[in-house]
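Here's the structure, in structure tokens; my notes come after.
The values are calculated or read from the model by the stated rules, or taken from the named source; none is laboratory data. Because the structure is a prediction, the values reported are computed rather than measured. FYI the Cβ positions are ideal-geometry reconstructions off the backbone, even for glycines, and counts take in every protein chain you see.
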């Protein structure tokens, strides 16, 4: 059982945008966590927590991470508000299985994103992530794909290699040892590997329709969708349409 004296959790965890993250974190906490190991805040609106709250946690344990989950009402805080300093900030649509795995590694006493200094910049986090994903000790067996081929689909109806995002994705997956192919939703090739779909700025109903078409056409493939700041209902619709993985843009690392 999680003890609030071990990992303090603040905020309204029962809000619909927070509850799945909260439950996921609770379920993966190792039994070995018996001492103060960081703190978690769920911010429903800007100003709910003051910098003094963060500072008190930092004084309590300077090396332990502070995770701040920001609800949709807090979007744009970096531009128009006063974002809290000294913590790892995540909009709820950014949190995914990889971040959760990194948190598990931290609580298991292994190197992870959350062992980095609280002053780390995004480029430093990206470098760490690139190195750590190539380390066998940090890899989960269930995320190692059985196939090493990806089909990159984008711009729904035009060629899949026509955007800088697609070229970036192709370079990234090649570096991970994948063979990359380009196509569009009308592609007729036989393919059972990993489908990568960048949704661009298309309206969500069009995105959903295209995903459904891809799932019918490539029934044996896994589908990963890159989408701008997906909401909870959009994630549910995408899952129901057959998407296996949803990655929010902008990608944190």
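For the stretch 15-36, give me each residue that is surrounded by fewer than 13 Cβ atoms within 10 Å (Cβ to Cβ), part of a loop (DSSP other than H, G, I, E, B) and without any contact (Cβ under 8 Å) to a residue 40 or more places away in the chain.
31, 34, 35
In the stretch 51-79, which residues are farther than 18 Å from residue 229 by Cα and under 24 Å from the mean Cα position of the chain (by Cα)?
Selection gives 54, 63, 64, 65, 66, 67.
Scan the stretch 106-115 residue by residue and report those that are in contact with a helix residue (DSSP H, G or I) (Cβ under 7 Å, 6 or more places away or on another chain) and either surrounded by fewer than 18 Cβ atoms within 10 Å (Cβ to Cβ) or in a loop (DSSP other than H, G, I, E, B) (or both). If you could, list the steps in order and put the result at the bottom.
So in the stretch 106-115, the residues in contact with a helix residue (DSSP H, G or I) (Cβ under 7 Å, 6 or more places away or on another chain) come out as 106, 110-115.
Within the stretch 106-115, 110, 111, 112, 115 qualify.
Could you tell me which numbered condition residue 62 fails, if it satisfies all but one of (1) crowded, with 18+ Cβ neighbours inside 10 Å; (2) modelled with pLDDT of 85 or more; (3) in a loop (DSSP other than H, G, I, E, B)?
Just one mismatch for residue 62, condition (1).
To keep it simple, each residue is scored yes or no on (1) part of a strand (DSSP E or B); (2) closer than 18 Å to residue 10 by Cβ; (3) touching a residue at least 24 places away in the same chain (Cβ under 8 Å); (4) in contact with a helix residue (DSSP H, G or I) (Cβ under 6 Å, 6 or more places away or on another chain).
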{"residue": "48", "(1), (2), (3), (4)": "no, yes, yes, no"}
{"residue": "73", "(1), (2), (3), (4)": "no, yes, yes, no"}
{"residue": "79", "(1), (2), (3), (4)": "no, no, no, no"}
{"residue": "84", "(1), (2), (3), (4)": "no, yes, yes, yes"}
{"residue": "89", "(1), (2), (3), (4)": "yes, yes, no, no"}
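How many residues does the stretch 143-176 contain that are modelled with pLDDT under 50 and crowded, with 19+ Cβ neighbours inside 10 Å?
1
With the structure loaded, tell me whether residue 42 is in contact with a strand residue (DSSP E or B) (Cβ under 9 Å, 6 or more places away or on another chain) and either more than 24 Å from residue 112 (Cα to Cα) or in a helix (DSSP H, G or I) (or both) or whether it fails that test. So that I can check it myself, show each step before the final result.
Details: in contact with a strand residue (DSSP E or B) (Cβ under 9 Å, 6 or more places away or on another chain): yes; either more than 24 Å from residue 112 (Cα to Cα) or in a helix (DSSP H, G or I) (or both): no.
Here the answer is no, as residue 42 does not meet what is asked.
Assess whether residue 187 counts as being touching a helix residue (DSSP H, G or I) at 6+ places or on another chain (Cβ under 7 Å), surrounded by 11 or more Cβ atoms within 10 Å (Cβ to Cβ), modelled with pLDDT of 60 or more and farther than 18 Å from residue 227 by Cβ. Give the steps one after another, and end with the answer.
Values: touching a helix residue (DSSP H, G or I) at 6+ places or on another chain (Cβ under 7 Å): no; surrounded by 11 or more Cβ atoms within 10 Å (Cβ to Cβ): yes; modelled with pLDDT of 60 or more: yes; farther than 18 Å from residue 227 by Cβ: yes.
Here the answer is no, as residue 187 does not meet what is asked.
Can you pull out every residue in the stretch 91-105 that is in contact with a helix residue (DSSP H, G or I) (Cβ under 9 Å, 6 or more places away or on another chain), modelled with pLDDT under 85 and part of a loop (DSSP other than H, G, I, E, B)?
Of everything in the stretch 91-105, just one residue is in contact with a helix residue (DSSP H, G or I) (Cβ under 9 Å, 6 or more places away or on another chain), modelled with pLDDT under 85 and part of a loop (DSSP other than H, G, I, E, B), namely 93.
Okay, residues lined up against (1) closer than 18 Å to residue 152 by Cα; (2) in contact with a strand residue (DSSP E or B) (Cβ under 6 Å, 6 or more places away or on another chain):
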{"residue": "199", "(1), (2)": "yes, yes"}
{"residue": "215", "(1), (2)": "yes, no"}
{"residue": "226", "(1), (2)": "yes, yes"}
{"residue": "237", "(1), (2)": "no, no"}
{"residue": "240", "(1), (2)": "no, no"}
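Does at least one position in the stretch 37-59 carry a residue that is modelled with pLDDT under 85 and surrounded by 14 or more Cβ atoms within 10 Å (Cβ to Cβ)?
The answer is yes; a qualifying residue exists.
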